[in-house]
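Input: a single structure, listed below in structure tokens.
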Amino acid sequence: MPDWSMEISRRLSSLNLESAREVEIVEELSQHLDDRYHELISSGATEEDARRAVLMELNDGEIFAQERPGVVHKTRGEPAGHGRGGQGFVASLGQDLRYALRQFQRNPGFALVAIITLGLGIGASTAIFSVIDNVLLEPYPYKDVAHIIYPRVHGATQGPDEGRQGFSSDELLGFAQQNHSLDGVVGTANDPVLYKHGAGVEWLYGADMTPGSFELFGMPALYGRVFQAADYKPGAPPVFVLRHKAWKARFNGDPNVLNKVFVLNGTARTLVGIMPPRFGWYDADVWIPKTPHPGVSIGFAGLPERWFVLGRLKHGVSVAQASDDLTGIVKSLAKLRPQDYPAQFQIVALPFDHSDGHLESTLYTVLAAVGSLEQPREKKSSRCAQCWGQARRDCCGFCWLRVLYWQSVERR
Amino acid sequence: MSELEWKKVSAELLILSLVEARPRHGYEISKLIEQRSGGAVTFYVASLYPLLYRLEKRGWIQGRWVEKSGQRRRRYYRLTSEGQKVLASQRRGWKAFVEAVNRITEAEHA
């Protein structure tokens, strides 16, 4: 008895049937050909004549060719019954891929449009979500940011977003030493840095940080270490910590710069730490340890040094309670330097991560801001200083949205 | 009209009619067509099975493997309830068509 399976399989190969389905068809057609072969033998044909006749009938494929779509569709969508077994998923996946490729070959234009559309859609969704995730859902890399507050001297007649948020060393020390509502109080001040190296000199954004600053943020260094108590002691070797972005841009991410000495503002300082990518406090390139001392100290450009103050609420203490606590501390200082305060004022403690409006409206604002990133307006606002510590820069709502956006991009 | 064209027009009706009374396998169907047509109509394997699969896909017939002791299993096709409706409709259409053709040809001979 001839074996017809090879002949049948060869004719079915172009249909790209699922293997289980092809096995069934081969079995069914082989039986038919066997019966036909026996019939011809019984009628007196030789084996060779019978085999040749059967193969000729198998090649009578004119209608077969016209019916191919029916065969293909049958095998694509319906259970094959006996013999399908567990070959299912992988075989089906392969078949689907082959089918997709054939469709692409037949309609390359459609395939191109579909691929581009999918690519743009996925890319846009990823980009928008990246912004929303970094700006709204997880905007700060700091530990327990919901309990971080910053104070502002708010005059009774001033608007809700107005007031002074630069504090003297006396005020900072008063907050740190006399408060009952905060677990930690730290200050940050602008300190532009002239960086001198072999090729020349250049300005870097620098920020002075009081003891406990990195601990308040809960941020360890990516490489090296953050400041330690010993770094703040008189006579301690000068050190500094570098921002990840500056490390990448200026030193090509070379880890060998760690523990090397750099001349900053004429002082030889050792680079002791490089921060993680998301840490960009005060938008500084370098952070320098500095201990506040009582009295009027001189800071940047010969002006009295002003500290941007952060505190961490004690467990169970509200923002309002912290405001009252800090107001009481400053009232006594106001008697010594009344020129620094409005006639009637209070200290308002504001949540570091506070935002106005509902999430939905903010999302729409951010989405709109993405389209306006290149058009910041020149309008003064203190909001950026509140949220990002960029007290040295005048900026507006568009500006802080741009900062938020680029912070999110930088994080990637 | 060639034999092929006649086949295409009537093939569905032939197969549905043959599986109406009881389930039959493919070879049986092809032999019945050949025998009952006196050899005038034949369906070889390459023509018959694609048509069977198409009718099955439409839900007019249903194939099922049947195993009998001492024999290889065979796939038998039976008429479904939907196929019965289609068969009735095609029979009416075919009958009307043949009668129309007869009326025309008889008029020519009158």
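The values are calculated or read from the model by the stated rules, or taken from the named source; none is laboratory data. Because the structure is a prediction, the values reported are computed rather than measured. Glycine also receives a Cβ, built like all others from the backbone with ideal geometry; neighbour counts cover every protein chain displayed.
Have a look at B:VAL41, B:VAL86, B:VAL45 and point out the one that is within 30 Å of A:LEU12 (Cβ to Cβ) and at pLDDT 90 or above.
When all the criteria are applied, what remains is B:VAL86.
Is one or more of the residues making up the stretch B:70-78 away from every other protein chain (no Cβ under 11 Å) and without any contact (Cβ under 8 Å) to a residue 40 or more places away in the chain? I'd like the intermediate steps shown before the answer.
Within the stretch B:70-78, the first condition is being away from every other protein chain (no Cβ under 11 Å), and the residues that meet it are B:70, B:78.
If we keep only those that are without any contact (Cβ under 8 Å) to a residue 40 or more places away in the chain as well, we get B:70.
Checking the stretch B:70-78: at least one residue is away from every other protein chain (no Cβ under 11 Å) and without any contact (Cβ under 8 Å) to a residue 40 or more places away in the chain.
Is at least one residue of the stretch A:115-122 exposed (fewer than 14 other Cβ atoms within 10 Å of the Cβ) and among the small types (Gly, Ala, Ser)? Taking every residue of the stretch A:115-122 in turn, at least one turns out to be exposed (fewer than 14 other Cβ atoms within 10 Å of the Cβ) and among the small types (Gly, Ala, Ser). The residues listed here are B:ALA11, B:ALA46; of these, the one that is surrounded by 15 or more Cβ atoms within 10 Å (Cβ to Cβ), without any contact (Cβ under 8 Å) to a residue 40 or more places away in the chain and within 14 Å of another protein chain (Cβ to nearest Cβ) is B:ALA46.
Counting only residues that are touching a helix residue (DSSP H, G or I) at 6+ places or on another chain (Cβ under 6 Å) and among the β-branched types (Val, Ile, Thr), the stretch A:184-222 holds 3 of them.
Of all residues in the stretch A:248-270, those that are hydrophobic (A, V, I, L, M, F, W, C), surrounded by 12 or more Cβ atoms within 10 Å (Cβ to Cβ) and more than 15 Å from A:VAL226 (Cα to Cα) total 6.
Taking the stretch A:2-26 as the range and being in contact with a Phe, Trp or Tyr (Cβ under 9 Å, 6 or more places away or on another chain) and within 13 Å of chain B (Cβ to nearest Cβ) as the test, the residues that pass are A:TRP4, A:ARG11, A:GLU24, A:ILE25, A:VAL26.
Scanning the stretch A:16-51 for residues that are more than 18 Å from B:TYR44 (Cβ to Cβ) and hydrophobic (A, V, I, L, M, F, W, C) returns A:LEU17, A:ALA20, A:VAL23.
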